[in-house]
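The values are calculated or read from the model by the stated rules, or taken from the named source; none is laboratory data. Quick caveat, the model's predicted, so the values are computed rather than measured. Here the Cβ positions follow ideal geometry from the backbone for every residue, glycine too, while neighbour counts run over all protein chains shown. Heads up: the accessible areas ignore ligands, DNA and RNA and are worked out on the full protein's heavy atoms, side chains in. Shrake-Rupley method; radii C 1.70, N 1.55, O 1.52, S 1.80 Å.
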Amino acid sequence: MQQLLYLTEVSLNGLTTGVLYALVALGYVLIFKSSGVFNYAQGVMVLFAALTLVGLQRGQVPFAHLWTAVFGTHTYLFGWNLPAVVAIVMTLGVMVLLAILVERLVLKHLINQHPIVLFMATIGLAYFLEGFGDLMWGSDVKRLDIGLPVGISETIESFTAATFGYGVFVDRLDLFAGLVAAALVFALTVWLKHSQLGRTLRAVADDHQAALSVGISLRLVWVLVWSTAGFVALVAGVMWGAKSGVQFSLSLIALKALPVLMLGGFTSIRGAIVGGLIIGVGEKLFDFLMGPIIGGATESWFAYVLALVFLMFRPQGLYGEKIIERV
């Protein structure tokens, strides 16, 4: 019984992690489904949003090390600590500004270009944002504290201990993050499927030229989509940053969303959810069952191997659209 309960504990932790993977994957799906652009920079946007939030909250001077090197100043802090809500709103403003700049400096020059051109542009954007974030806020590991619940859930632990004689340990932050991510995924799904704006976004993704011909502002749509993806990146950055600290490995964690997309499908919000849960639970269970046998550290590669095997049998993913090109 104790082994079964421990397996349940591992599965619950995998579910909460999987919801966070799904949240990051949702940013990829949102941009791809609405503009036809596979945004490789989405993972770095998660990192950049978290770095900006921490920097604004603790009153850090942007580019402080650069000012010191150029002008000889040694001012690194403004001397304030912003409330969490104010810092989050300001960070969201920064992400909207980033969306506007991406549209004006990059995307507007690539209308009707081949998808591989747009993809390569987002790779360049990813490396630029990573270096820009390092220069702007520094590369040290930062602690993110905005008042989210932390520690083991005593309610679940005491209930399972009293009922089964073994306490199941589930982190309260994981539970909270899972609930927030699930609510956000649901809201965005409803918005995309049932709103006029959602239908407009899908029309742009289907054919840029046709959308322009009926009066749809492609540039405005792209700003809106990238702003929404920036908001998703901010939420994911808050949850992951509070859990593991704000550090540059966050962008690598966010890349775990790629195998999620391969499983679920690049055009499906439902696929992002299901794929995230499969990856989250699968990597935890595989490490629990097979880690002691093959030496552990399986979580770093399990998702990618599973996606590779899955692609051999269903390249479009579980819920992705099967693309047939006739020549």
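Observations
- Beyond 25 Å in Cα-Cα separation lie the following of the pairs Lys142/Lys256; Lys243/Lys284; Lys193/Lys243; Lys256/Lys284; Lys108/Lys142: Lys193/Lys243; Lys108/Lys142.
- Potential extension, Leu311-Met290 segment - 0.36 nm per residue separation minus Cα distance: 5.3 nm
- In this label model, Lys193 and Thr68 are separated by 5.2 nm, measuring between points 7 Å along each Cα→Cβ vector.
- Within the chain, helices built from complete DSSP H runs that reach 30 Å or longer along their own axis (Cα positions) and carry a mean Kyte-Doolittle hydropathy of 0.5 or higher are 2-35, 84-105, 115-137, 172-194, 218-244, 269-294.
- Of the accessible area of region 2-313, computed with a 1.4 Å probe over protein heavy atoms only, carbon and sulfur atoms account for 70 percent.
- Dividing the mean sequence gap of close Cα pairs (under 8 Å, 6+ apart) by how many residues the chain holds gives a relative contact order of 34 percent.
- Solvent-accessible area per residue, Å², over the chain with all protein chains present [probe radius 1.4 Å]: 49 Å²
- Most to least packed among 89-98, 291-300 [average Cβ atoms within 10 Å]: 89-98, 291-300
- Between Met262, Met239, Met290, the GNM of the chain built on Cα springs shorter than 10 angstrom shows Met290 fluctuating the most.
- For the chain, built as a Gaussian network whose Cα springs stay under 10 Å, the top-fluctuating residue of Ala307, Ala22, Ala49: Ala307
- The chain: most fluctuating residue of Thr52, Thr155, Thr122 per GNM, C-alpha cutoff 10 Å: Thr155
- Near Phe248: Cβ cut-off under 11 Å, other residues only, Lys/Arg at +1 and Asp/Glu at -1. The net charge is -2.
- Normalised radius of gyration (Cα atoms, divided by 2.2 N^0.38 Å) for the chain: 1.06.
- Loop-located chymotrypsin sites (Phe, Trp or Tyr not before Pro) in region 49-99, at most 15 other Cβ atoms within 10 Å (DSSP): Phe63, Tyr76, Phe78, Trp80
- Excluding the site residues themselves, the longest part of the chain lacking any trypsin sites (Lys or Arg not before Pro) in a DSSP loop with at most 16 other Cβ atoms within 10 Å is 144-321.
- Helix content alone sets the calculated 222 nm mean residue ellipticity of the chain: runs of n ≥ 4 DSSP H residues at -39500 (n - 2.57) each, divided across all residues, give -23500 deg cm²/dmol.
- Using only side-chain charges placed at the Cβ, +1 for Lys and Arg and -1 for Asp and Glu, the dipole size of region 2-313 relative to its Cα centre rounds to 780 debye.
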